[in-house]
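Asker: Dumping the structure here so I can ask a few things about it.
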Amino acid sequence: MNFWFIAGSQFLYGEETLKQVEIDARKIVDGMRLPWKVEYKSTVKTATEIENVIKQANFDDECAGIITFCHTFSPSKMWINGLAKLQKPWLHFHTQFNEVIPNEEIDMDYMNLHQSAHGDREHGFIGARMRIPRKIISGYWKDENVWKRIANWQRAAIGVAFSKDLKIVRFGDNMREVAVTEGDKVETQIKLGWQVNTWAVGDLVNEMDKVSDEEIDSLVEEYFDLYDFDKKDIEVIEYQAREEIAIEKILKKVGAKAFTNTFEDLHGMRQLPGLATQHLMAKGYGYGGEGDWKTAGMTAIIKSMYPDGSTTFMEDYTYDFKNGLILGSHMLEVCPSVAENKPRIEVHHLGIGGKEPPARLVFEGRAGKAVVTSLIDIGGRMRMITQEIECVKPTQTMPNLPVARVMWKPSPNLSTGAECWITAGGAHHTVLSHDIDSEILRDFARIMDIEFVNINDDTTPVLLEKELLMGDIIWKLKN
Ligand code: MN
């Protein structure tokens, strides 16, 4: 995927100026170091040119978003008809070709050429007037902090493109009686583009029966390259390989990038997929336990923003109130991309689901800054809740805990952070990512027109309650 750079201008300043605008715009594009390619597209001077380039951007599946910049003045009524049609993420990059004002060189010609302070304000007005969701980044184009912010916006836009194309396979329904994993799939498809559909567990079992010994051997070899293991567990591990291969075949057939299953519906299967699901997540698939398709979708989206990143499905489990820590895990399914040490394949009894003891990866999560994210259906709208956290090396060895474990301090602290999370209605399931900056998720939510809540060091329950009350009124007016 790539991004289009469009310089706004007009004919007022003559051909020479327009040529210079293009030369400078190309230098800006070539001079920035960003994770996804930015392509200089054109310098637009008329309403027709603007409408045409935006229609092309909408139609081009490879274009993940447009970046606009007004080196000179670009009267914004020219932009109305084009922007009214814009369907791609928009970054208004407010920069200037030269970093400083040259004392000797500056005259009125120089001013007319280097007037983004002027042109970008006119450009900003029309975005505000038309209430188009857009990102505004201001700063000098050679500044690495500016690159980092543009890179973050690119990740949000990549996530948007991925989301609009996302298919999620549900093997079985949500866990009985659970509320937070429910939600309006039609609303989600309208807002986020996700196609969430169910597939019979029986079809998965049929697919499992068709997996060949060669396919299993080759995947088991891959497991043994990546993970520590005990040879005595080989048969159980082979069964997980059979499950993984069958699940992935169905995902590929459907074109799906995320899936869910539930321990309550494993009819015809001998083990709950553990290692299988963990290895699929490591390959980039999203997953949510107990039919949690919203967390499955968000896991896949955040993984799409950081293809080689450290992101997993997660669940809040147990507290250490004394040290202000949360122990997170799941009954099996934590992605090894967040592991500190080499994961080990272990086989243990699973008290839930009434099936054979499954193989799973056991490891400790990495320390470092991270963000947890929960997407909920709050009735009438989707709400994304994010929280800044600091992962720590687990403080205990927990030798009898047979699952992967991650430990963290939530912001602003355990008690207040939990109060805020619960006030906002955040789920026990989350996506935990060491990569993501919550600004990226805020940008994603703005583009998708869903509510966004961030819990950080400045959040208090009183302020948050006010924000949520205001949100209720705003979103009732909006929708
Ligand atoms: Mn769960």
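All of the numbers you see were taken from the coordinates with simple rules; none came from a lab. Please read all numbers here as calculations on a predicted model, not as lab measurements. Methodologically, a virtual Cβ is constructed for each residue, glycine included, from the backbone with ideal geometry; neighbour enumeration extends over all protein chains shown.
Asker: So what's the angle, to the nearest 10 degrees on a 0 to 90 scale, between helix 438-448 and the longest Cα principal axis of the chain?
Answerer: Between helix and principal axis, roughly 80 degrees.
Asker: Here's another thing I want to ask about it. Work through the residues other than Ala427 whose Cβ is under 14 Å from its Cβ and net out their charges, Lys, Arg +1 and Asp, Glu -1.
Answerer: -4
Asker: If you average over every viewing direction, what projected area does the convex hull of the Cα atoms of the range 393-469 give, in nm²?
Answerer: Computing the convex hull of the Cα atoms and averaging its projections yields 6.6 nm².
Asker: So, one more: Run the paramagnetic zone check for Arg129: 7 angstrom along Cα to Cβ, then residues of the range 46-78 with backbone nitrogen under 13 Å.
Answerer: Those under the cut-off are 74-78.
Asker: If you fit an axis through the alpha-carbon atoms of helix 144-164 and take the longest principal axis of the Cα set of the chain, what angle between them do you get, 0 to 90°, nearest 10?
Answerer: 60
Asker: Shifting gears a bit: With +1 on each Lys and Arg Cβ and -1 on each Asp and Glu Cβ, how big is the dipole of the range 2-155 about its Cα centre, in debye rounded to the nearest 20?
Answerer: 920
Asker: Given 10 Å bins starting at zero, what is the percent of C-alpha pairs of the range 173-218 in each, up to the one with the largest pair distance?
Answerer: 20, 29, 27, 21, 3
Asker: Here is a further query. Considering amide H positions built from the backbone, and no H for Pro or chain starts, which residues 5 or more places from Phe259, or on another chain, come under 5 Å of its amide H?
Answerer: The answer is Val169, Gly286, Tyr287, Gly288.
Asker: A further question follows. List the residues whose amide H sits under 5 Å from the amide H of His94, counting only those 5 or more places along or on another chain, with H placed 1.01 Å from N in the peptide plane.
Answerer: Excluding prolines and chain starts, which carry no amide H, the hits are Ile137, Ser138, Gly139.
Asker: Phe229: net charge of surrounding residues, Cβ under 13 Å, Lys/Arg +1, Asp/Glu -1, itself excluded?
Answerer: Residues close to Phe229 contribute a combined charge of -4.
Asker: Still on this structure: On each of the three principal axes of the Cα atoms of the range 2-155, give max minus min coordinate, whole Å, ordered largest first.
Answerer: 46, 33, 25
Asker: Continuing with the same structure: Give me the net charge for the shell around Val453: Cβ to Cβ below 9 angstrom, other residues only, Lys and Arg +1, Asp and Glu -1.
Answerer: -1
Asker: On to the next question. At a Förster radius of 45 Å, what calculated FRET efficiency corresponds to the Cβ-Cβ distance of Leu463 and Glu122, to the nearest 0.05?
Answerer: 0.80
Asker: Can you tell me the orientation of helix 213-226 relative to the chain, as the angle in degrees between its alpha-carbon axis and the longest Cα principal axis, to the nearest 10?
Answerer: With rounding to tens, the tilt is 70 degrees.
Asker: Also, I was wondering about something else. Just the C-alpha atoms of the chain: what Rg/Rh do they give, with Rh taken as the Kirkwood radius?
Answerer: For the chain, the value is 1.03.
Asker: Where does the chain land at 222 nm, in deg cm²/dmol rounded to the nearest 500, when only DSSP H runs of n ≥ 4 count, each adding -39500 (n - 2.57), divided by all residues?
Answerer: -12500 deg cm²/dmol
Asker: Taking every DSSP beta bridge with both residues inside the chain, roughly what % is antiparallel (nearest 5)?
Answerer: 50
Asker: Once a ≥ b ≥ c are taken as the square roots of the eigenvalues of the Cα gyration tensor of the range 207-363, is the result rounded (a/c under 1.5), prolate (a/b larger than b/c) or oblate (a/b not larger than b/c)?
Answerer: rounded
Asker: How do the peptides 161-173, 105-117, 65-77, 338-350 rank, highest first, by the average count of neighbouring beta carbon atoms within 10 Å per residue?
Answerer: For the peptides 161-173, 105-117, 65-77, 338-350, the packing ranking is 65-77, 161-173, 338-350, 105-117.
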